[in-house]
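So the structure is just underneath, and the comments pick up after that.
The values are calculated or read from the model by the stated rules, or taken from the named source; none is laboratory data. Keep in mind that this is a model prediction, so the values were computed, not measured. Every residue, glycine as well, gets a Cβ built from its backbone with ideal geometry; the counts of neighbours run over all protein chains shown. Please note that ligands, DNA and RNA were not included when accessible areas were found on the heavy atoms of the full protein model with its side chains. Shrake-Rupley method; radii C 1.70, N 1.55, O 1.52, S 1.80 Å.
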Amino acid sequence: MSAPDPVPARTDGHIRDPAEQGHRSAASAVELEDSRFGHGGVTTEPPANGRRRTRRRGAGLLYRLCLGWLALIVFVAITAPWLPLPDPDTIDIAAKLAPPLTAGHLLGSDGLGRDILSRLVFGAQVSLIISLSAVGIGIVVGGTIGMVVGYFRGRLETTVMAGVDVLLAFPGLVLLLALIAFVGQSLTAITLVIGFLSIPIYARVARAATLAVSQREYVLAAGLMGARTRRILFREIMPNVILPVAAFGLIALGVVIVLEGSLAFLGLSVEAPAATWGSMIAEGKRHLSDAIHIALIPSVVMFLTVLSLNLVGDVLRSRFDVREANL
Amino acid sequence: MGRLIGKKLLTLVPVLLAVSLLTFLLLSLLPGDPALLVLGGQAGSAESIAAVRTDLGLDRSLPQRYLSWLWAGLQGDLGTSYITRQEVTGAILERLPVTFELMALSLVMALVIAVPLGVFSAYLVGGRFDKSVTGATFGLLALPNFIFALILIGVFSVGLGILPATGWSPLSDGVLENLRSAFLPALALSVGNIAVFTRLLRTDMIATLQEDHVTLARSKGLPTSRILFRHALRPSSFSLLTVAGLQVGTLLSGTVIIESIFALPGVGRLLFDAINSRDLLMVQGIVLLLAVIFVLVNFVVDVLYTFLDPRIRSGATRVRA
């Protein structure tokens with residue numbers, strides 16, 4: 001196997017056109033965007049030639065474990081009402097701070113005697129609903145915008161991308177907090193605001209992917225054969241744009257889960273007593289010295305979920321690499 | 001060189017204007033009447049509501065309000081809070097040093113930890129050290145800062161009892177006391193950056209170590225540490241610098257959470273309090289200020305870049321390797 005080729009890594013954005021101020025190269029935009037809210041994404045991987053092969057060999061088991069964990073979370077979230085669990089909001093002061101493996105409370109109970117396992121499962125519902133819908137909004141709206149401006153270019157593109165740059169000039173969580181405070185703390189409001197704020201990021205990713213394919217021969221051929229614009233956009237271009245955007249969306253799911261957690265931690269997520277992972281962690285903060293499991297268990301669950309999403313997203317992203325498609 | 005910076009400065013003006021317009025619009029178009037908030041949520045008479053609205057200037061049209069807000073803002077006056085009757089600008093300035101110190105300390109910590117990790121794992125690429133660093137940083141990426149903060153509090157404050165869990169000692173209490181109170185929050189804030197910086201530097205460093213000038217330095221028999229830190233680090237640090245600049249936005253976001261957890265008197269905490277009391281003008285002022293800081297930092301990074309990378313300075317643009 002030859003030595004890693006120094007060239008690809010260099011394209012990752014440190015040579016830029018100064019005239020195009022603010023427009024980081026699309027490749028590095030994809031790269032950097034996902035770390036905008038704090039965590040997220042994985043930065044560059046070494047451009048080792050054997051990367052794909054080592055991935056398949058080395059990360060196979062881990063990859064499957066992560067998929068399994070995600071499947072478990074989705075499964076319990078969907079079947080939560082039918083699972084044999086105590087009610088997540090029933091307060092039982094007599095049984096408060098029960099350690100894990102107590103009879104009746106498999107993972108123990110919190111400061112108000114509520115069952116932690118049950119709250120975890122119902123919290124998974126909240127995380128899942130918010131993250132899937134917010135990412136869905138981002139992909140559909142942002143992806144469409146990015147694809148359309150990337151295909152038509154011209155003044156429309158300049159205007160839209162300027163708007164995108166301005167929205168991205170705000171520190172993400174700060175704007176999110178400000179909007180949530182005034183829009184309200186319902187599940188719908190939180191989902192819509194996070195979805196709205198993530199539109200620019202998807203627009204950038206989709207635009208970069210569109211630019212990479214819109215000049216290809218088969219797109220040209222479709223145009224010459226008289227295909228309508230809509231057909232070209234949705235039948236020729238979209239299949240090539242949707243994969244990188246979706247792989248990016250997987251990692252974004254993790255970012256949204258952390259965001260919801262941050263909101264909950266600040267007491268600005270879905271109103272109490274509804275269980276969310278973030279509010280459970282925040283609740284456990286008061287019991288760090290006497291009952292550490294209250295904060296620890298939801299933390300571990302959130303960590304494993306985000307880790308799994310990152311890993312799966314990373315593996316998928318290396319398969320449909322946007323970065324190889326230079327702007 | 002000067003022309004280049006001048007040109008960039010010119011593009012800065014519309015961006016800043018757009019940022020201010022968006023801040024104003026987003027928060028002004030939201031439902032809810034600030035006049036009702038001022039009256040403490042009680043349903044006052046129609047006249048008293050109208051009086052408060054006139055008092056606050058809410059009876060004017062949206063463009064008028066924006067222009068007067070912007071004009072006053074340019075002169076350093078972002079209004080007076082409806083709730084606390086504090087001057088917005090004054091309240092922010094008073095708390096800015098804490099936030100800046102937190103952010104700077106956090107960036108320094110992240111770099112101090114990430115640079116050696118990145119450099120050595122690139123040098124030992126594929127080895128056991130490299131693999132554990134790569135694995136550990138991948139894990140750190142999935143660790144939200146509020147969870148990391150709780151772990152730190154659990155270990156250092158509750159468990160070992162050597163560092164305070166909450167509170168802030170200003171510099172006037174002595175540097176050591178100040179650092180003691182800032183250490184845990186800054187470390188908690190740096191968790192994501194440690195991972196991002198390490199991975200980025202490692203990638204760029206692996207590429208640099210393949211280059212001819214490094215081979216030359218090696219064949220001259222220079223000691224490894226000198227090659228790594230003197231010959232390879234600088235050309236590998238361009239992306240790191242950009243990302244460190246971009247991460248300022250993340251840090252600003254992070255301070256809101258971290259300052260709330262550790263009860264620090266910074267801007268993030270001010271924003272949190274303002275949000276909880278629905279203090280529109282204060283929120284508006286803080287969001288505007290944080291966004292402006294973010295834009296300016298990115299501008300400075302952009303300029304620094306041209307100093308560091310001669311290829312851009314000479315105007316040899318669009319060199320796509």
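In whole Å, what is the distance between the alpha-carbon centres of the stretch A:239-259 and the stretch B:106-183?
28
If R₀ is 45 angstrom, what is the calculated FRET efficiency for the pair B:D273 and A:A227, using the beta carbon separation as r and rounding to 0.05?
Rounded to the nearest 0.05, the efficiency is 0.20.
Which percent of Cα pairs goes in each bin when the distances of the stretch B:44-185 are cut into 5 angstrom slices starting at zero?
The percentages, shortest bin first, are 2, 7, 9, 12, 12, 10, 10, 9, 9, 8, 6, 3, 2, 1, 1, 0.
Mind checking how much accessible area B and A bury in total, 1.4 Å probe, in Å² rounded to 100?
6600
Over chain B, what is the relative contact order in percent, taking alpha-carbon pairs closer than 8 angstrom and at least six residues apart?
Relative contact order for chain B comes out at 23 percent.
If each of B:L163 and B:A104 carries a label point 7 Å out from its Cα toward its Cβ, how far apart are those two points in nm?
My value for the distance between the label points is 1.9 nm.
When Rg is the radius of gyration of the Cα atoms in the stretch A:220-327 and Rh is its Kirkwood radius, what does Rg/Rh come to?
The Rg/Rh ratio comes out at 1.25.
Taking 0.36 nm per intervening residue step and subtracting the Cα-Cα distance, what contour gain separates B:V13 from B:L93 on full extension?
26.5 nm
Distance in nm between label sites at B:R226 and B:L304, each 7 Å beyond Cα in the beta-carbon direction?
Computed distance between label sites B:R226 and B:L304 equals 2.8 nm.
Modelling each spin label as a point 7 Å along the Cα-to-Cβ direction, I'd like the B:D173/A:D89 distance in nm, to one decimal.
Those two pseudo-labels are separated by 4.1 nm.
Given R₀ = 25 Å, what would the calculated FRET efficiency be for A:A189 paired with B:R65, taking r from the Cβ atoms and rounding to 0.05?
0.50
Which shape class applies to chain B: rounded if a/c is under 1.5, otherwise prolate when a/b exceeds b/c and oblate if not, where a ≥ b ≥ c are the square roots of the Cα gyration tensor eigenvalues?
oblate
Consider a paramagnetic label point 7 Å from the Cα of B:F138 along Cα→Cβ; state which residues of the stretch B:100-122 have an amide N under 18 Å from it.
Under cut-off, by backbone N: B:118, B:121-122.
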